[in-house]
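Visitor: Right, I'll just put the structure down here and ask away after.
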Amino acid sequence: VDLDKERARLRAELEKLGNEIARSEKLLTNEGFLSKAPKAVVQKEQEKRSDYVQRRAKLRERLSSLGRMP
């Protein structure tokens, strides 16, 4: 495994998840969306955001562990 390539891949994935989290948070703080969207749609967006945050934490942990290897 090429560690530099893996680190670059993980960083790219982290950036992508960061963008998704930002998009989701923007939507979930939009009063128009919250007042007009069905509860199921809002709940689904909240679940997606939670999933993104969990995945980001795991990727950060993985990236950190790669940094410690010789």
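The values are calculated or read from the model by the stated rules, or taken from the named source; none is laboratory data. Since the model is a prediction, treat every value here as computed from it, not as a measurement. Cβ coordinates were reconstructed from backbone atoms using ideal geometry, including for glycine residues, and neighbour counts include every protein chain displayed. Heads up: the accessible areas ignore ligands, DNA and RNA and are worked out on the full protein's heavy atoms, side chains in. Shrake-Rupley method; radii C 1.70, N 1.55, O 1.52, S 1.80 Å.
Visitor: If I compute solvent accessible area with a 1.4 Å probe over the protein chains, what percent of it on the chain is carbon and sulfur?
Guide: About 51 percent, which is the carbon plus sulfur part of the accessible surface.
Visitor: Once both axes come from the Cα atoms, what is the angle between helix 39-68 and the longest principal axis of the chain, in degrees from 0 to 90, rounded to 10?
Guide: 10 degrees
Visitor: Right, here's the next one. Could you give the accessible area per residue of the chain, probe 1.4 Å, as a whole number in Å²?
Guide: Result: 77 Å² of accessible area for each residue.
Visitor: Using +1 on the beta carbon of Lys and Arg, -1 on that of Asp and Glu, and nothing else charged, what's the dipole of the chain about the Cα centre, debye to 20?
Guide: My answer is approximately 60 debye.
Visitor: Please determine, in degrees from 0 to 90 and to the nearest 10, the orientation of helix 3-28 with respect to the longest principal axis defined by the Cα atoms of the chain, where the helix direction is its Cα long axis.
Guide: Once rounded, the angle reads 10 degrees.
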